[in-house]
Every structure is written in structure tokens, then in C-alpha cells.
Amino acid sequence: MNTLHALKPRYDVVIIGARCAGAATALLLARAGCKVLVIDRSAYGSDTLSTHALMRMGVVQLERWGLLPTVMAAGTPAIHMTTFHYGRESISVRIKPEHGVGHLCAPRRTVLDRILIDAARSAGADVRHGVTLCELQRDVDNRVVGAWLENGDGGRVGVRCDVLIGADGLQSAVARLVEAESYVQGMGVSGCVYGYFQNVERDGSHWHFVENAAAGVIPTNDGQHCIFASVPRSAFTATFRGDIERAFLQVLEANSAKLSADVARARLIGRLHAFAGVPGHIRQSHGPGWALVGDAGYFKDPLTAHGITDALRDAELLSGAIVDGRPGALAAYQHQRDGLSRDLFQITDSIASFRWSLDEVKALHAQLSAAMRAECERMAGIAVPAYHAA
Ligand SMILES: Cc1cc2nc3c(=O)[nH]c(=O)nc-3n(C[C@H](O)[C@H](O)[C@H](O)COP(=O)(O)OP(=O)(O)OC[C@H]3O[C@@H](n4cnc5c(N)ncnc54)[C@H](O)[C@@H]3O)c2cc1C
């Protein structure tokens, strides 16, 4: 199939990247009546590196957009309790109904990204997978006015647009091509290994912390649990070189003997996945004719599991700014995003540094929880246009 077939020569918005940031932005802009093209070089429904946990603001966004019932109907377990383990001390927190949602969840990306992009397509967005951005088009004033796109068969097509959005992840080609400057750089970096396990008996999600290691147990689709083992990036290679399954169990054992015994008895589905760690960044996320959303503009260490929530939140803010269309609206988007993100970024950076005692990491989690509550409250104060609901 020619994935470039019958593209229009001009769109209001072209979005590069069709996962949580790009698909959600396409959905909201298409619902607002914009002519949207969203492309991704990966295949429809494919998986990506992630441990899936959504924080409350992410679940609230899905609920606001009318997509939470679809996510839950796909067999995503509702998470009503989250437990933090600091060495031998355990603290369980019941998820209270707030901001219109009574639980958290952790949908597989094969579920969440597909639901978002299907909703974008239903709202009228032109969606193309198997298509890669190769170059930007610019006018004589250097404003971005379009893109050159390629498919895997050597086909190449140019499209024009008013705004081009980079939702193309951590290694964003759009950010590189527009030379978006990083003005905040992370220092604390964790690496992790994770896998999916059947037959794990656990209530809710669990987050374990001991000196120089962490682990987590997150219930996800198909009756499976995503289980991860984290260490500081500086220790990643030495820890996981060689027999990765053995090293994985050893990091779990360091966190909790019960956890490693449970996992040793459970069945690993597929193979373990590894992420060696990348420092966080906050980047310039708008310029003449372009904007960035999701990891392309703002990435922080996955140890606090807030990247998908950020992507969904910032899709709401960016689409609002584009629909607003006034001069300064994109600058206001970046300002709003940064205001919502700075505390979360700094706390995450400290947690991912692993330079803490157990009492200190407990205090960092209390700060994280307060920052996430503030995030929900500030977002609740931002009027959501009626067309953003299904
Ligand atoms: C190991 C790990 C665990 C994580 N766990 C969690 C978690 O538990 N909870 C959480 O909230 N977050 C987690 N995150 C973070 C989360 O996965 C990201 O924040 C999120 O995926 C960002 O979404 P995005 O849409 O911005 O980018 P991505 O999901 O990276 O999607 C970008 C898309 O752009 C496409 N693309 C890139 N370049 C091009 C191009 N040139 N042309 C066309 N398409 C292109 C790619 O194919 C990709 O599909 C984790 C991350 C990692 C690495």
C-alpha cells in the first residue's frame, strides 16, 4: 500500500509522531475543525518502550475526551491502590475519587496509542503510518511552512501547513531541524529493565526503593503485570551485562525478597526490555510555523512515570493555543507547560539521581504527590473547550 497516496497538498497542521502526544494533539485539533495530517514512521498499533503507568492528570484527560471507557473496556485494570516500599517500610495510598476519576490505570501502549489515533481518525484527521519526516520546508523568512515526507518504498511527497508539530519523541528530528534549544538539562538519570509477567498476585501498583536501586509492579492489560528494575545509569551496564534475567532478579531481590520470589514463580511473556537512561530536557517548544509536544519538547526520567501524563496534558494546552491562533498563543503554551512542569522535573531529577536516604526519597515522594495535586488543580482551572469532549 502506498502510504503517501492522496495526501492533500495543504493542511492546517501537520504532526510528526502519532503516539500519545501526537495522536492526542491530532484528536483535539481535528475535533476543533482543523485540517490535520498526522504521520508516524512506525506501524499502526506497534509497541514502544514504556511501563505505562498513568498519573491522575493523564487519566483525567482521557476522561475529559470521552476515551477512558474505551481504555477500560480494552481490559485495562483499574488501579485503586498504590503502595510505596522504602526498604522494609510500606505505605499504601488508596486512590480517592477526585477531578472526576476514581482510579488510575496503566494501559499497554499497543492499547492506548491505538485508541488515541483511532479517535483522531474518527474526528477527521488524516493518519498515515509508515511515513517518515525527512526535511522541513521553509519560506524566505525561514518560517516552517511544510515538510518533505517519505515512505519505505522510496516515495517522496511535499505537504504545506500553517503549523508543523514535532511529537516525534526523545530523539526528535523536528527539534533538531529547527535547532530548538534545551534550557533545562537533567542530571539524575536511571536505567531500567522491565518485562511482562503472568500469574503475579498483587493488589494495585507497587514502587520499591532501596539504596541505589528501585523496582515497580504495575498491573496492565491481558492479566499481566509490568515489572521493572531500576539502577542509576552509571551502574546500568555493569549491573545488566551478561545474564540480563539473572541481573533483573538480583535487583528485584535487593528491593524485596518477596518480589523476586513472586517473579521467579511467574511466567515472563516475551523477553525483557532495557532502557539505559537518557538525561531529561526542557526545550524551546515553539517558533515561526512550528511547535513541539511530548518528549520532543520536554522529557524527564521515567522513574516517576509521568511522561505519558505530560504528553496528554500538553496536547490539551498546545491544541488550545493553536485554535486560539493569536500572536503569543504558542509562547503562552510553552510558558504554561513550564509552569506546570518545573517542580515535577526537579523532583524527578532528584529521585532519579539515587542520591538519597530512604527518608529523603520518602520526602521527595511527598513533594511529588503535592506537585501532581497542584498540576490537577491548575489544569482544572483551564477552560476545556466544548469540542474537546467526545
Ligand atoms: C523505559 C521507559 C519507561 C517509561 N515508563 C513510563 C510510565 O510508566 N509512565 C509514563 O507516563 N511514561 C513513561 N515513560 C515515558 C513515556 O513513554 C514517554 O514520555 C512518552 O512515550 C512520550 O510520548 P510521545 O508521543 O511524546 O513520544 P513517543 O512515544 O516516543 O512517540 C514518538 C513517535 O514519533 C515517531 N517518529 C520519530 N521520528 C519520526 C520521523 N522522523 N518521522 C515520522 N515519525 C517519527 C516514532 O516512530 C514514535 O512513534 C517511559 C519511558 C521509558 C523509556
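What to note about this one:
- Top-ranked residue of the range 225-241 - restricted to ones that are crowded, with 23+ Cβ neighbours inside 10 Å and of a type in the set (Gly, Ala, Ser), ranked as farthest from Val200 (Cα to Cα): Ser230
- For Leu4, the criteria (1) within 24 Å of Gly223 (Cα to Cα); (2) surrounded by fewer than 23 Cβ atoms within 10 Å (Cβ to Cβ); (3) within 15 Å of the ligand (Cβ to nearest atom); (4) of a type in the set (A, V, I, L, M) hold in every case but one, which is (1).
- Per the conditions (1) surrounded by fewer than 22 Cβ atoms within 10 Å (Cβ to Cβ); (2) charged (D, E, K, R); (3) within 11 Å of the chain's Cα centre (by Cα), the sole criterion not satisfied by Asp343 is (3).
- Exactly one residue out of Asp314, Asp301, Asp343, Asp324 is free of Cβ contacts under 8 Å to residues at least 40 places away in the same chain and either under 15 Å from Leu29 (Cα atoms) or within 13 Å of the ligand (Cβ to nearest atom) (or both), and it is Asp324.
- Enumeration of residues in the range 98-137 that are without any contact (Cβ under 8 Å) to a residue 40 or more places away in the chain and outside any loop (DSSP other than H, G, I, E, B): Asp118, Arg121, Ser122, Cys134, Gln137
- Asp222 within 24 Å of Phe197 (Cα to Cα), modelled with pLDDT under 95 and not assigned by TED's automatic domain parsing to the domain that holds Ile117: no
- Flag for Thr70 being of a type in the set (S, T, N, Q), under 24 Å from Met372 (Cα atoms) and either under 20 Å from the mean Cα position of the chain (by Cα) or assigned to a loop (DSSP other than H, G, I, E, B) (or both): no
For (1) away from the ligand (no atom under 16 Å from the Cβ); (2) modelled with pLDDT under 95; (3) more than 30 Å from Glu179 (Cβ to Cβ), each residue gets a yes or a no:
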residue	(1), (2), (3)
Leu249	yes, no, yes
Ala254	yes, no, yes
Ala261	yes, yes, yes
Arg265	yes, yes, yes
Gly270	no, no, yes
Phe275	no, no, no
Arg283	no, no, no
Gly287	yes, no, no
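- Residue list for the range 162-179, filter: within 15 Å of the ligand (Cβ to nearest atom) and either touching a His at 6+ places or on another chain (Cβ under 9 Å) or of a type outside the set (Val, Ile, Thr) (or both): Leu164, Gly166, Ala167, Asp168, Gly169, Leu170, Gln171, Ser172, Ala173, Ala175, Arg176, Leu177
- Residues of the range 142-157 classified as within 13 Å of the ligand (Cβ to nearest atom) and either in a loop (DSSP other than H, G, I, E, B) or under 11 Å from Gly289 (Cβ atoms) (or both), total: 2
For (1) β-branched (Val, Ile, Thr); (2) surrounded by fewer than 20 Cβ atoms within 10 Å (Cβ to Cβ), each residue gets a yes or a no:
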site	(1), (2)
Asp243	no, yes
Phe248	no, no
Ala257	no, yes
Ala264	no, yes
Ala276	no, yes
Pro279	no, yes
Ala291	no, no
Ile308	yes, no
Val323	yes, yes
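- Residues in the range 8-44 that are surrounded by fewer than 24 Cβ atoms within 10 Å (Cβ to Cβ) and within 14 Å of the ligand (Cβ to nearest atom): Arg41, Ser42, Ala43, Tyr44.
- Within the range 38-49, residues that are touching a residue at least 60 places away in the same chain (Cβ under 8 Å) reach partners that are aromatic (Phe, Trp, Tyr) with beta carbons closer than 7 Å, at six or more positions or on different chains, in the pairs Leu49/Phe275.
- Within the range 55-71, residues that are farther than 26 Å from Trp207 by Cα and among the polar types (S, T, N, Q) reach partners that are within 15 Å of the ligand (Cβ to nearest atom) and in a helix (DSSP H, G or I) with beta carbons closer than 7 Å, at six or more positions or on different chains, in the pairs Thr70/Ile115.
- Here Ser182 meets each of (1) touching a His at 6+ places or on another chain (Cβ under 6 Å); (2) farther than 25 Å from Lys96 by Cα; (3) within 11 Å of the ligand (Cβ to nearest atom) with one exception, condition (3).
- Matching residues in the range 186-203 - criterion: being in contact with a His (Cβ under 6 Å, 6 or more places away or on another chain) and at pLDDT 95 or above: Tyr194, Phe197
The values are calculated or read from the model by the stated rules, or taken from the named source; none is laboratory data. These numbers were taken from a predicted model, which means no experiment stands behind them. Note that we place each Cβ from the backbone using ideal geometry, even for glycine, and neighbour counts take in every protein chain shown.
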